[in-house]
Amino acid sequence: MADLDTDTDGAAPAPVANALTDALAGEVADRRSADYAALDPQARAVLDCWFGAPDSPDFGEPRKLWFTADDSFDASLRERFGTLIDAARESQLDSWAATPLGALSLVIVLDQFSRNCHRDTVTAFAADRKALAIAQQMVASGADRLLPGVHHRAFAYLPFEHDESLASQHESLRLFKALAAEPGGASYYPFAVRHAEIIERFGRFPHRNAVLGRESTADEIAFLREPGSSFQSRAKKPAAGS
């Protein structure tokens, strides 16, 4: 029987390698599907609200609502998930973190919904430490690599970007730089760089000072006058009568 052709470096023939890759991708997809189906209904509602349902046309696509301050959207989140934020902050939903998608749901509640529902208040940042701890666990265990796509992973990494420590900022840069090499992931890296530069310069985020009762330095006050210093755009209100 003739020997199979192989590369001199011992790599598997292309058809075999492709088959293995396809099989692995299928296995990961099956695991994600099982993970999603097993989610607590509230955790599933969080993911569907933020990313769209897996069978929706916008699933896996970036959404403007993620980074735009919109009073009506904030109000809808408060109505649907306000009590869930309190429960998550009080460690009542920690069981969600047992699976990759469940852990991401918890991060979304603690790191994103908290900011939307308590915008411009101290409470907006009250769950940051807990969100960061979950994100750290996800990265350490490789759970982040089992998420559906780059946007899901980006939100698993944002607690690092939101933390006011250099160590977290360096980890944010590492994670978002790797994500930038993947299709659809490049847009997050410049924001990670900007956040890290601010922490390098000030040791904190000046745009939080007023809310947190911190006195701003002259340098910080000058910085806050610069466009984009708060990383937030605001949705335009509809014209009267529209």
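Here SER56 and LYS177 are evaluated by their C-beta separation; at R0 = 25 Å the FRET efficiency comes out at 0.25. Sorting 53-64, 153-164 by their mean Cβ neighbour count within 10 Å, with the most densely packed peptide first, gives 153-164, 53-64. Take the Cα of ALA167, step 7 Å toward its Cβ, do the same at CYS49, and the gap between the two points is 3.2 nm. If the chain linking GLU79 and ALA133 were pulled fully straight, counting 0.36 nm for each residue of separation and taking away their Cα-Cα distance, it would gain 16.8 nm. Available extension along the chain between SER141 and SER229 is 28.3 nm, counting 0.36 nm per residue and deducting the alpha carbon span. Here the 3J(HN,Hα) profile of region 138-152, calculated from phi with Karplus coefficients 6.51, -1.76 and 1.60 at θ = phi - 60°, is 4, 5, 5, 8, x, 4, 4, 6, 9, 6, x, x, 5, 6, 4 Hz, Gly and Pro shown as x.
With a Förster radius of 25 Å, plug the Cβ-Cβ distance of ALA222 and THR121 into 1/(1 + (r/R0)^6) and report the FRET value to the nearest 0.05. My answer for the efficiency is 0.50. Amide H contacts under 5 Å for ALA69: SER233, ARG234, ALA235, restricted to partners 5 or more places along the chain or on a different chain, H placed in the peptide plane at 1.01 Å from N.
Rule-based calculations on the coordinates, nothing more; no lab input. Note that the coordinates shown come from a computational prediction; the quantities given were computed from them, not determined experimentally. In this analysis, Cβ positions are derived from the backbone assuming ideal geometry, glycine residues included, and neighbour counts consider all displayed protein chains.
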